[in-house]
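Here the structure comes first, spelled out in structure tokens, and everything after it is commentary.
The values are calculated or read from the model by the stated rules, or taken from the named source; none is laboratory data. Fair warning: this is a prediction, and the values are worked out from it, not measured in the lab. Every residue, glycine as well, gets a Cβ built from its backbone with ideal geometry; the counts of neighbours run over all protein chains shown.
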Amino acid sequence: MIISNIEHIGIAVKNLKEAIKMYEDLFGLPCYNIEEISDQKIRTAFFRIGQTKIELLESTDPEGPIGKFIEKKGEGVHHIAFAVENLADTLREVEAKGFQLIDKHPRPGAEGLNIVFLHPKSTGGVLLELCEDRLIKK
Ligand code: ZN
């Protein structure tokens, strides 16, 4: 695995508009992107802090992954995402090491990134995401 940095930290929120306002107030920085990802049933908002982003996640469907997460655990940190080179190879590598995958293949996520999630059962209870720029083909 060639890992470069923490790409973003995903935070589940009940109300995106209110959360954006709170973080804009806290950071003194504007949210620079709001995006709806319909296949994940979420709306996301992004802040850039150095080379790491904060990704706020609001559910658009109570049956979606973020809706269920908030129902079970309430608002809060949802996942940590790492930027890696060559996501497809990395995926095969971590699977060979015995980590459990949620996604068997890279899929499009927010911000033009291909993403996969590793199952928290195999990563000490933390939901980890790996992502790679879609435009970089290696
Ligand atoms: Zn994410």
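Answer yes or no: is there a residue in region 9-18 that is of a type outside the set (Val, Ile, Thr), within 16 Å of the ligand (Cβ to nearest atom) and under 30 Å from Glu85 (Cα atoms).
Checking region 9-18: at least one residue is of a type outside the set (Val, Ile, Thr), within 16 Å of the ligand (Cβ to nearest atom) and under 30 Å from Glu85 (Cα atoms).
Can Val77 be described as at pLDDT 95 or above, within 16 Å of the ligand (Cβ to nearest atom) and exposed (fewer than 15 other Cβ atoms within 10 Å of the Cβ)?
yes
Given (1) surrounded by fewer than 18 Cβ atoms within 10 Å (Cβ to Cβ); (2) out of contact with any Lys or Arg (no Cβ under 7 Å at 6 or more places or on another chain); (3) more than 22 Å from Lys14 (Cα to Cα), identify the lone condition not met by Val84.
With (1) surrounded by fewer than 18 Cβ atoms within 10 Å (Cβ to Cβ); (2) out of contact with any Lys or Arg (no Cβ under 7 Å at 6 or more places or on another chain); (3) more than 22 Å from Lys14 (Cα to Cα) applied to Val84, the lone miss is (1).
Looking for something among the β-branched types (Val, Ile, Thr), closer than 19 Å to Ile6 by Cα and surrounded by fewer than 16 Cβ atoms within 10 Å (Cβ to Cβ) - is there at least one such residue anywhere in region 109-123?
Yes; the residues of region 109-123 include at least one that is among the β-branched types (Val, Ile, Thr), closer than 19 Å to Ile6 by Cα and surrounded by fewer than 16 Cβ atoms within 10 Å (Cβ to Cβ).
Search region 13-22 for residues being under 18 Å from Gly64 (Cα atoms), not in a strand (DSSP E or B) and not charged (D, E, K, R), and hand back the single one that is nearest to the chain's Cα centre (by Cα).
Leu16
Out of region 23-44, which residues are part of a strand (DSSP E or B), without any contact (Cβ under 8 Å) to a residue 40 or more places away in the chain and more than 15 Å from Glu75 (Cα to Cα)?
Let us first name the residues in region 23-44 that are part of a strand (DSSP E or B), namely 33-37, 42-44.
With the extra rule that they be without any contact (Cβ under 8 Å) to a residue 40 or more places away in the chain, the set shrinks to 34, 36, 42-43.
Within region 23-44, Ile34, Glu36 meet the criteria.
Of the conditions (1) within 16 Å of the ligand (Cβ to nearest atom); (2) assigned to a helix (DSSP H, G or I); (3) exposed (fewer than 15 other Cβ atoms within 10 Å of the Cβ), Ile70 satisfies every one except a single condition; which number is it?
It is condition (3) that Ile70 fails.
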